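Report on the following structure.
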Amino acid sequence: MKYLKIKDLKDGYLYFIDARNAKHGIWISSRSGFLISRYKFGNNFLFEEYHWDCVAFATVKPLREIEKSPFKSERLDKAMWDEDKEILDYLNRFGNKYKLLLEKEENGYCKVCGSVWYNCLCYHEDL
């Protein structure tokens, strides 16, 4: 699977990702990781997964940029430790939007343009 390299990512941007625990996350360049919303044992919390090209614990292949998040780098850097609910809510809201995107797809391809879902450019306007 083709994925975005670290040098091509923008700090504080939301990306579609292929990861163990999420399909989207905010890139934090200082940590070489993505901030994600994770559910485990009924609890929802912020979690970090690292870019595929990192030496250890690499679990994320970023596929496509989505949008710039409304959060500054300094806030993202300490979000997990502060249990920042606003960032968690932002990620969860996009997760709900993402479920709507899946309804427009068939076997991983957009029903509108036929592209692989993470290359599709036609879904943003109507959601």
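Rounded to the nearest 20 debye, the dipole magnitude of the stretch 12-97 is 240 debye, with +1 charges on Lys and Arg beta carbons, -1 on Asp and Glu beta carbons, and the Cα centre as origin. With a Förster radius of 35 Å applied to the C-beta separation of Glu86 and Ile6, the computed FRET efficiency comes to 0.85. Among residues other than Tyr39 with Cβ under 13 Å from its Cβ, the summed charge is +4 (Lys and Arg +1, Asp and Glu -1).
Per-residue packing, averaged as other Cβ atoms within 10 Å, sorts the ranges 29-37, 71-79 into the order 29-37, 71-79, beginning with the highest.
Among the listed pairs Lys7/Lys61; Lys2/Lys61; Lys5/Lys85; Lys2/Lys68; Lys10/Lys68, those whose Cα-Cα separation exceeds 18 Å are Lys5/Lys85; Lys2/Lys68. If the chain linking Arg31 and Ala58 were pulled fully straight, counting 0.36 nm for each residue of separation and taking away their Cα-Cα distance, it would gain 8.5 nm.
Each value in this text was obtained by applying a stated rule to the coordinates, not by laboratory testing. Note that the coordinates shown come from a computational prediction; the quantities given were computed from them, not determined experimentally. Cβ coordinates were reconstructed from backbone atoms using ideal geometry, including for glycine residues, and neighbour counts include every protein chain displayed.
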